[in-house]
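The structure appears below as structure tokens.
The values are calculated or read from the model by the stated rules, or taken from the named source; none is laboratory data. Note that the structure is a prediction, hence the values are computed from the model and not measured. All Cβ positions, even for glycine, are placed from backbone atoms using ideal geometry, and neighbour counts span all protein chains on display.
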Amino acid sequence: MLRTSAAFALAIMAMGTIDAAAQDRHVRINNNTSYDIIEFYASNKGSRSWEEDILGRSILPAGHSVVINIDDGSGYCKYDFLAVFEDGEELTKYDNNVCELSQFSYTD
């Protein structure tokens, strides 16, 4: 009986580790500003540079939103976001937990 309980406890601990690594990192980015977002970057806290522009050739128009899978395969949950707006303004938001966030909004 003790062996069964120990095996069960180890199985539960292993599932917790797998769940943390496999968490959903899809985040809806809401552009509730008056300006289009022309570039958007998300880099994990362990990165020393910004990754590629997630929007690519697209933009995120004012008043619209997009769902982005913010998963670079690193297993990180904490990411910094950088939005570049059409008027040239850049807005950086640090330490966003994409394993817990379902939405992130930019506002005027």
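Below, the figures for the structure above:
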{"item": "Residue that is surrounded by the most Cβ atoms within 10 Å (Cβ to Cβ), among those in the stretch 1-42 that are at pLDDT 95 or above and polar (S, T, N, Q)", "result": "Asn31"}
{"item": "Subset of the stretch 70-108 (residues that are over 14 Å from Arg28 (Cβ atoms), in contact (Cβ under 8 Å) with a residue 24 or more places away in the chain and not in a strand (DSSP E or B))", "result": "Asp71, Asp72, Ser74, Gly75, Tyr76, Cys77, Glu86, Asp87, Glu89, Cys99, Asp108"}
{"item": "Pair list, Cβ < 6 Å and 6+ apart or interchain, from the stretch 15-34 residues that are within 24 Å of Pro61 (Cβ to Cβ) and hydroxyl-bearing (Ser, Thr, Tyr) to residues that are surrounded by 13 or more Cβ atoms within 10 Å (Cβ to Cβ) and modelled with pLDDT of 75 or more", "result": "Thr33/Ala62; Thr33/Tyr106; Ser34/Ala62"}
{"item": "Out of Tyr76, Tyr106, sole residue that is over 15 Å from Ser47 (Cα atoms), of a type in the set (Phe, Trp, Tyr) and in contact with a strand residue (DSSP E or B) (Cβ under 8 Å, 6 or more places away or on another chain)", "result": "Tyr106"}
{"item": "Test: residue in the stretch 33-43 that is in a strand (DSSP E or B) and over 16 Å from the mean Cα position of the chain (by Cα)", "result": "yes"}
{"item": "Residue list for the stretch 79-103, filter: hydrophobic (A, V, I, L, M, F, W, C) and closer than 15 Å to Ala42 by Cβ", "result": "Phe81, Leu82, Ala83, Val84, Leu91, Val98, Cys99, Leu101"}
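Condition check ((1) exposed (fewer than 13 other Cβ atoms within 10 Å of the Cβ); (2) under 14 Å from Ile37 (Cβ atoms)) across all residues:
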residue	(1), (2)
Ile54	no, yes
Arg57	yes, yes
Gly63	yes, yes
Asn96	no, no
Ser102	yes, no
